[in-house]
Every structure is written in C-alpha cells, then in structure tokens.
1. Go over the candidates Gly31, Gly74 one by one and state the one that is within 21 Å of the chain's Cα centre (by Cα), at positive phi and surrounded by fewer than 13 Cβ atoms within 10 Å (Cβ to Cβ).
2. Within region 19-52, can you find the residues that are over 26 Å from Val143 (Cβ atoms) and touching a residue at least 24 places away in the same chain (Cβ under 8 Å)?
3. Inside region 53-94, can you point out the residues that are over 21 Å from Leu34 (Cβ atoms) and in contact (Cβ under 8 Å) with a residue 24 or more places away in the chain?
4. Inspect region 44-65 for any residue being among the aliphatic types (A, V, I, L, M), under 18 Å from Leu12 (Cβ atoms) and touching a strand residue (DSSP E or B) at 6+ places or on another chain (Cβ under 7 Å) and give the result as yes or no.
5. How many residues does region 34-71 hold that are hydroxyl-bearing (Ser, Thr, Tyr) and open to solvent by 50 Å² or more (accessible area, probe 1.4 Å)?
6. Might you let me know whether region 100-117 holds any residue that is open to solvent by 40 Å² or more (accessible area, probe 1.4 Å), at pLDDT 95 or above and touching a helix residue (DSSP H, G or I) at 6+ places or on another chain (Cβ under 9 Å)?
7. Is it the case that some residue within region 5-14 is part of a loop (DSSP other than H, G, I, E, B), out of contact with any strand residue (DSSP E or B) (no Cβ under 7 Å at 6 or more places or on another chain) and either open to solvent by 50 Å² or more (accessible area, probe 1.4 Å) or within 24 Å of Leu133 (Cα to Cα) (or both)?
8. What is the number of the single condition among (1) surrounded by fewer than 19 Cβ atoms within 10 Å (Cβ to Cβ); (2) part of a helix (DSSP H, G or I); (3) among the acidic types (Asp, Glu) that Asp22 does not meet?
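The values are calculated or read from the model by the stated rules, or taken from the named source; none is laboratory data. Just so we're clear, the structure is a prediction, and the values are computed from it rather than from any experiment. Don't worry about glycine lacking a Cβ; one is built from the backbone with ideal geometry, like all the others, and counts go over all protein chains shown. These accessible areas exclude ligands, DNA and RNA; they are computed on the full protein's heavy atoms, side chains included. Shrake-Rupley method; radii C 1.70, N 1.55, O 1.52, S 1.80 Å.
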Amino acid sequence: MTLFYLDSSAWLKRYFLEPGSDWMTRLFQSGDLLASSVLGHIEVTSALARQQVPRKLDEEKLARLQQQLEEDWGDLAGLPLTEEVVDRALRLARSYKLRGADAVHLATALGVNDTLAGTGNSLVLVASDEELLAAAQQTGLAVANRQSQHPPRDEAESRPALRLLFARWSEQVRMCSWADQVEVVTVDLVNQQPIRFQVTVAVVLPFSSERVVL
C-alpha cells in the first residue's frame, strides 16, 4: 500500500485549475489512502477564503468549494500537530532553511514514514514547492511533483459539452484580417474534471469586429 501525503501546495490543485489539477482530481478519486497535517487543512481553508478578498470567487462558488474541502478532509487521514512533530520541524527548518509550514509538513510526513517502516507499506510526499521537495528527497522520502505534469487524455474526452464564444458563421470569414489558435481551459462541473481544447479565434473585417470560433 502507498500512502500519499499531501502538502498544501499540491492539495490546492484540487480546487483551483492549474497544472497538475487533473492528476490531483484523479488521485482523490482513486481510492488510495491520502493524508495531510491539520496545518494543511488550515492552509487550504485560508487560501479558499482569501479568494474573496480580490473578488475572484463569488459566495456561491466559494461555499461549494468549502463544502468539497470539508468532505475531502473527512476522507483524508488527518494528522495532528504533536510536540514530536514540532520538535522535528524545528530541526528541519534549521537544517534545510525551510519555511515554517514546509518544515511542519516534512516533519509530519517523516513521522508517518517512520511508522510505516518494515510494514511493506510506503509513503509518497506530494507537493509543488521545490524547496520542500528538495529537502524531502535529501531525507530519503519518495516524492511526487505535479506542478507541470498532465496525464494522457483521450482527445474525444477533451471536447466540452458546451461551446464557448459562439458567433454567426458566414462568408465574412474569408475576409478575416487576424486569426490565431488558442487553448481554452474550462471545467466539467459534473465530473469536476478540467477540460482543454484548441480553438481558432478570428477577428473579421470589414463587415464585423466580432470574434468568431471556427
């Protein structure tokens, strides 16, 4: 059995669409055993709440994400911030010049890894923070960085159920004065899966200045 320990930098990808989000969603749906420190729960909760400060999330969407977070936390193995973890985090912070939260996550993961030693089970620290990953590797922990990795996907599955930027099709397309191919990223709200697809965006002149998706 492999236990995946989630640092908050990786865990956040569950709720914000960015490189590695698709892999993180699949990890949560895989049935594998996941764990994180209570500190991670606090960090992710704070990150969600702070999205309202610049008005990046409306209240309804924030409430849905917060509910999802609490459900996920209930499914994770939540690990306490014990005195032993604190002592070890202090030593790690001094040795590897880590930020405080990173030292706590590494100390927590190392404690679990020690417990698993000799049981035939293993731990993988999942994070996107390069300094934390480097320190973890120096301690001998197995790590996974999903900052820029995307699992293979079927092109047929990447087509969204809804179409964006619809515009009228006409012979005016032949008069196109500017066109470019761009990647559009959206989310399947039913399956909570990110969707990426290529579209051609054109500005049509002189008859229209509308953007047309071909």
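1. Gly31
2. The answer is none; no residue qualifies.
3. Glu84, Leu92
4. Looking through region 44-65, none of the residues is among the aliphatic types (A, V, I, L, M), under 18 Å from Leu12 (Cβ atoms) and touching a strand residue (DSSP E or B) at 6+ places or on another chain (Cβ under 7 Å).
5. Residues that pass the stated criteria total 2.
6. The answer is yes, given that some residue of region 100-117 is open to solvent by 40 Å² or more (accessible area, probe 1.4 Å), at pLDDT 95 or above and touching a helix residue (DSSP H, G or I) at 6+ places or on another chain (Cβ under 9 Å).
7. No, because not a single residue in region 5-14 is part of a loop (DSSP other than H, G, I, E, B), out of contact with any strand residue (DSSP E or B) (no Cβ under 7 Å at 6 or more places or on another chain) and either open to solvent by 50 Å² or more (accessible area, probe 1.4 Å) or within 24 Å of Leu133 (Cα to Cα) (or both).
8. Result: Asp22 passes all but (1).
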